[in-house]
Structure formats: structure tokens, C-alpha cells
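Down below is the structure, laid out as C-alpha cells.
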Amino acid sequence: MNSVIKIKSYSQILVLSAISILLGLSYHPMFYLADLSGNQGTLLNKYILVLDVILFLFTFKVNVFYNSFVRIYFALTVFIFLSLSVFDAIGFRMNYFEVREIILPLLFIILGYGLTLKKTAIQYIFIIYAFVLLYSSFYQIMNNIGGLVIVDVYKTDQKNSLGASMAVVGVMVFMLLFLTRNKYLSYVYKFIFVVNFIFILTIRARAATLALIFVVIYMIWKRRTLIDRIKIKYLIFYLFASVILLFLFYLVNKQIFINGFDYLYNSFFQNKQNNVLSDRGTRNLASINLLLEEPLWGNLLLNKDIPWVHNYFLLKLSNYGVLGSLSFIILYFYLIVKVVKKATLSSSLFFNMSNLAVPALIVLLIVSLAEPTYPYGPGTSVFYPYLLLGYSLNEKN
């Protein structure tokens, strides 16, 4: 029996490692195709899907549906599919991609629920993913920008989905920094976080960067009750010493600070002086006007041609109205409630490996305010948040 469990665990490690490597390589210019007309995607999707199926065979447990969160998520997904099928039968043009978009996170939750790996094993596999993603991000920056500089226009338009993946990595390694007691691992996490932050600023994924900054600040604030155990005089001393050190550096080379500020400022405002929201405000306003015109069924009845709304909540409301989008909205807020409950736990409970998915899910929910497919997709950037959510739902883990 023990040998069977070991074989199963080793198989999970092997397959999950392979998935992590391919996910990290998804944004490498060699595998990621994108252009300004909106066509984009990775050539590795079919291989990742095959590996997901293989991992499913090694992890699936029927009792996953005993979990209330999974049952409700599954029931709402079925209801969404049936609703779209009815709309389709009536004669409305439906996009069933929206069902696939919601099913993928459910699949990842089921995969995570069945994992029998130790938390340390998942931690090391995640580090592999983080380094491969940094590798791909570096080549994406060199290929599309030419270096660590902020430019007006990029050659491809994949920076927002890449940015979300990087923000997820950023908040997760920051969480792991609080959790690890291994000095060498803490150096690894610090390196990943710093390089990842520089790269995400460079590609100008502003919603993802703001989400990363917000969640990091929240975690620091959340940690304060644990920091209180340290004597206040040591904190005051280190703060005072840091201010003096920074002032000395400023006297030696003022340009260091000027360039650093410009880099941060340009990451958010380069080429955006007249339209800081990149036309998202106009699209959102158009969706609100459409909804006011037909609140119950939205664009199902009006069939107006408006730009693709970059806000998940407004997109569903404007597309289907209050009644047509009800199942979408219930699932969306059900996820928010689940995440908020986990995020508001006491600091001693919050900073736990079982909660590693929570900071990442907060990032996805924040990004959903400025993007149309989040918090559910694309699968390349939401794999780990939902996988680890499923892992934490299994009490045996």
C-alpha cells in the first residue's frame, strides 16, 4: 500500500512539475503568438491540457463534491451552461467560451483537492514555475521592448495576461517569505520578488501592478500583530538607520532616486496623459448606458455593437442584463465572499501554507475590475491560485 502511495505522489510531482514548466514557458516569444489585432495565445495549450488530464487521473477523488464550495461552484456552472443553451435555442448568438472560462478554474480546484503532496513539495514546484516565468518574461521584454526601459507602444499585446501571472507570483512569494524558516529559501523568494517587480513595471501591466502593491501592503499590515512581539526600540532603531543610509546615498548620487521614481511613474503614466484608463472608462460608460436602457436583459435584446468592456462585472451585466447574468454574478460574488472570509482571518491563521491561494485570488479579483476574463482566465495565469484553493479545501491536507 505504501509503495502505491509513493508511486502516486511521485507521479503527481512529475506531472505537476511538467505543467509548471510549460505554464512558465507559455509567455516565451518562442511559444506565445500575439499581435495588435487581438489574436493571441500560446502554442503549448494542448500539451498543458493533456498533462492536466493526466494529473486528473492521478488526483481525482469523488468526495471532492462533498465540499460545499465545490458543489455550489459546480451547480452554478451547470446553471450558466443551461441558461446560455436556452438563450441560444431562442435565437440569441451565444459564446460558449464563457462556460469554458469558468470550467477551467473548477478543474484546477478538483486537481488541487486530490493532491497528496506535502506542502514543501508544492513549494519547490512553485519555485520552478516562478523561475521559468521570469525567464520567459525576460525574453518577452527583450523581444518586445528591447531592454529594461518604458516605451510608448509594444510589439504585442499580451502584457496584461503576463502581468497578471507575474502579480500572482509576486504575492505568493511574498506570502512564502513570511512562512519560510529556511534562510536560503528566503533569499530565493526575495530574489524572485524583486526581479519580478522590476519586470512587471517594465511591461506596464498597470492593473496587475496595482493589485500586487495593494496585496503586499495588506499582508504587511496584516502581519503587524506578529511584528508587535518585537521590541519597539529595535524597530525605531532600524527605521532611523535606514533613513540616514538613504540620505547618504542621496547625497552621493541624486540621479539614482530620480531615475527610480521616473521608472515607477512611467510604468503607470507613459503615453497615458490624456487617457490614463486606456479607454476603459469609455467602454464602462457605454456598458452602463446600455444597461440603463435595458436593465433586465441587456444586450441580449438590444444587440448593440459596443467595445469589449474591460470589467468582468459590467461585461456580464451589459451582455445579459440583471436577469440573464444572475448566475454569473452569484458565482462571482460567492468567490469574493470566500476570499474575503479567508483574508480576514487572524494573522496567525492567515499566514499559513493552507492560505497561500488567498493573496493570489485577491489579485485576480482586483484585475477583474480592469479586464474582461478575470478572475477565471486565462488558465495560464489562474492555474496556481485555483489549484491551491482546491488543495486547501481538502481538510486532510
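Would you mind stating whether I80 is within 27 Å of N355 (Cα to Cα) and of a type in the set (V, I, T)?
In short, no.
Pick from L345, L349: which is part of a helix (DSSP H, G or I) and without any contact (Cβ under 8 Å) to a residue 12 or more places away in the chain?
Numbers: L345 fails: part of a helix (DSSP H, G or I).
Answer to the selection: L349.
Could you tell me whether V243 is assigned to a helix (DSSP H, G or I) and at pLDDT 85 or above? Don't jump to the end; show me each part of the working.
Numbers: assigned to a helix (DSSP H, G or I): yes; at pLDDT 85 or above: no.
For V243, the condition - assigned to a helix (DSSP H, G or I) and at pLDDT 85 or above - is not met.
Looking only at region 337-350, which residues are surrounded by fewer than 17 Cβ atoms within 10 Å (Cβ to Cβ) and modelled with pLDDT of 90 or more?
V337, V340, K341
Within region 51-91, can you find the residues that are under 24 Å from the mean Cα position of the chain (by Cα) and charged (D, E, K, R)?
D52, R71
Within region 121-158, which residues are hydroxyl-bearing (S, T, Y) and either part of a helix (DSSP H, G or I) or at pLDDT 90 or above (or both)? Don't jump to the end; show me each part of the working.
First pass over region 121-158, keeping only residues hydroxyl-bearing (S, T, Y): 124, 129, 135-137, 139, 154, 156.
Those that are hydroxyl-bearing (S, T, Y) and either part of a helix (DSSP H, G or I) or at pLDDT 90 or above (or both): Y124, Y129, Y135, S136, S137, Y139.
Anything in region 159-179 that is of a type outside the set (A, V, I, L, M) and either modelled with pLDDT of 90 or more or surrounded by fewer than 17 Cβ atoms within 10 Å (Cβ to Cβ) (or both)? List them, or say none.
Going through region 159-179, the residues of a type outside the set (A, V, I, L, M) turn out to be 159-161, 163, 165, 170, 174, 178.
Result: S165, G170, F174.
Yes/no per residue for (1) loosely packed, with under 15 Cβ neighbours inside 10 Å; (2) within 22 Å of I103 (Cβ to Cβ); (3) at pLDDT 80 or above; (4) not β-branched (V, I, T):
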{"position": "N275", "(1), (2), (3), (4)": "yes, no, no, yes"}
{"position": "N284", "(1), (2), (3), (4)": "no, no, no, yes"}
{"position": "S287", "(1), (2), (3), (4)": "no, no, no, yes"}
{"position": "L296", "(1), (2), (3), (4)": "yes, no, yes, yes"}
{"position": "P307", "(1), (2), (3), (4)": "yes, no, no, yes"}
{"position": "F313", "(1), (2), (3), (4)": "no, yes, yes, yes"}
{"position": "S325", "(1), (2), (3), (4)": "no, yes, yes, yes"}
{"position": "L331", "(1), (2), (3), (4)": "no, yes, yes, yes"}
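For region 303-325, check the following and say yes or no: at least one residue is in a loop (DSSP other than H, G, I, E, B), more than 21 Å from A75 (Cβ to Cβ) and touching a His at 6+ places or on another chain (Cβ under 6 Å).
Start the filter on region 303-325 by keeping residues that are in a loop (DSSP other than H, G, I, E, B), which leaves 303-311, 325.
Narrowing the set further to residues that are more than 21 Å from A75 (Cβ to Cβ) leaves 303-311.
This time we only want the ones that are touching a His at 6+ places or on another chain (Cβ under 6 Å), so: none.
There is no residue in region 303-325 that is in a loop (DSSP other than H, G, I, E, B), more than 21 Å from A75 (Cβ to Cβ) and touching a His at 6+ places or on another chain (Cβ under 6 Å).
The values are calculated or read from the model by the stated rules, or taken from the named source; none is laboratory data. Computed from a prediction, not measured in an experiment: that's the story for all the values here. Neighbour counts are summed over all protein chains in view; Cβ atoms, including those assigned to glycine, are modelled from backbone coordinates with ideal geometry.
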